[in-house]
Amino acid sequence: MRILLIAHGFPPQAAAGAELHVQALATAMARSKSSKELQVFVLARESDERKEFSVRKDPRHGFDVFYLNHTYGQCRSFEDTYNDDRICSRAAQLFDELRPDVAHIHHLTNLSIDLVPELAVRKIPIFFTLHDFWLMCQRGQLLDRDLKRCEGPSPAGCSRCLGLAGHASPVAYQAAKRLRQVETQLPPFAKHAVGQAKQSLANLSTSAPNFAVAERRLRQIRVICNDIESFIAPSETVRDKFLSFGVPPAK
């Protein structure tokens with residue numbers, strides 16, 4: 001059996017809870033008594049100076065890690081932060097190369113939610129461990145910008161949390177990209193001017209909340225949940241939140 005694990009990072013480049021969990025899972029499968037019958041692969045995101053959206057292979061003891069480079073340097077809109085066709089296209093090529101029998105997703109932040117339908121269209125069963133609330137909450141933890149507990153997503157509430165990133169126009173994203181490029185070449189004393197320019201970019205966004213942007217994300221997430229075979233919830237709290245979000249109890 002060929003098993004593909006998908007995460008938003010992998011040690012040593014990223015070593016928080018979910019990443020360490022995926023490392024332990026991949027290592028355990030590679031060392032198990034059934035290891036001769038298993039082939040384990042990991043797809044993870046990294047942020048490097050090499051070509052954007054390129055993939056590098058990192059062989060480990062018993063499994064291979066494929067790092068997809070994503071620095072956000074070519075981000076065109078808020079939607080690109082969670083659903084980027086360029087990431088999806090490159091990952092789809094990797095799916096065809098690896099031909100997994102099953103996929104176990106642990107996180108899609110910094111990647112793209114459309115990896116789910118790309119797996120589904122290939123008839124690859126998908127399992128998803130809910131390490132946090134990122135699917136329903138762009139901030140991940142159901143805490144608002146004042147660090148107050150959020151009872152659940154709504155277009156109005158999510159729009160406030162998205163802030164400038166959710167409201168900015170494509171022009172603002174492109175301008176921000178140019179500023180980042182310039183900023184890396186400036187001496188420290190000149191960076192104050194860049195800060196003022198960034199503040200000017202804020203004026204390119206609308207001052208009113210953009211409910212449509214938040215609603216679009218929630219709608220797309222609910223659609224991909226239909227393609228997932230089963231969810232693994234580490235706690236009853238997580239399970240109950242996703243049932244409220246609309247995931248069927250049978251999943």
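The values are calculated or read from the model by the stated rules, or taken from the named source; none is laboratory data. As the structure is a computational prediction, the values presented were derived from the model and not from experiment. When we count neighbours, we look across all protein chains shown, and the Cβ atoms used for this are built from the backbone with ideal geometry, even at glycine. Heavy atoms of the whole protein, side chains included, go into the accessibility calculation; ligands, DNA and RNA do not. Shrake-Rupley method; radii C 1.70, N 1.55, O 1.52, S 1.80 Å.
Considered as a group, the residues in segment 7-61 that are open to solvent by less than 30 Å² (accessible area, probe 1.4 Å) and part of a strand (DSSP E or B) include one that is nearest to F128 (Cα to Cα), and that residue is A7.
Within segment 73-91, the residues that satisfy the criterion of being assigned to a loop (DSSP other than H, G, I, E, B) and more than 18 Å from W134 (Cα to Cα) are G73, Q74, C75, R76, S77.
Reported count of residues in segment 86-123, each being under 19 Å from V40 (Cα atoms) and β-branched (V, I, T), is 3. Sub-9 Å Cβ pairs linking a first residue in segment 127-144 that is without any contact (Cβ under 8 Å) to a residue 24 or more places away in the chain and open to solvent by 50 Å² or more (accessible area, probe 1.4 Å) to a second residue that is among the aromatic types (F, W, Y) and part of a loop (DSSP other than H, G, I, E, B), at least 6 apart or interchain, are R139/F133; Q141/F133; Q141/W134, ordered by first then second residue.
If you check C88, C75 for being in contact (Cβ under 8 Å) with a residue 60 or more places away in the chain and open to solvent by less than 30 Å² (accessible area, probe 1.4 Å), only one passes: C75.
Set side by side, the residues F41, F53, F63 differ, and just one is out of contact with any Ser or Thr (no Cβ under 6 Å at 6 or more places or on another chain) and within 16 Å of F127 (Cα to Cα), which is F41.
A search for C-beta distances below 9 Å between a residue of segment 1-25 that is aromatic (F, W, Y) and any residue that is assigned to a helix (DSSP H, G or I), counting only pairs 6+ apart in sequence or on different chains, returns F10/E19; F10/V22; F10/Q23; F10/A26.
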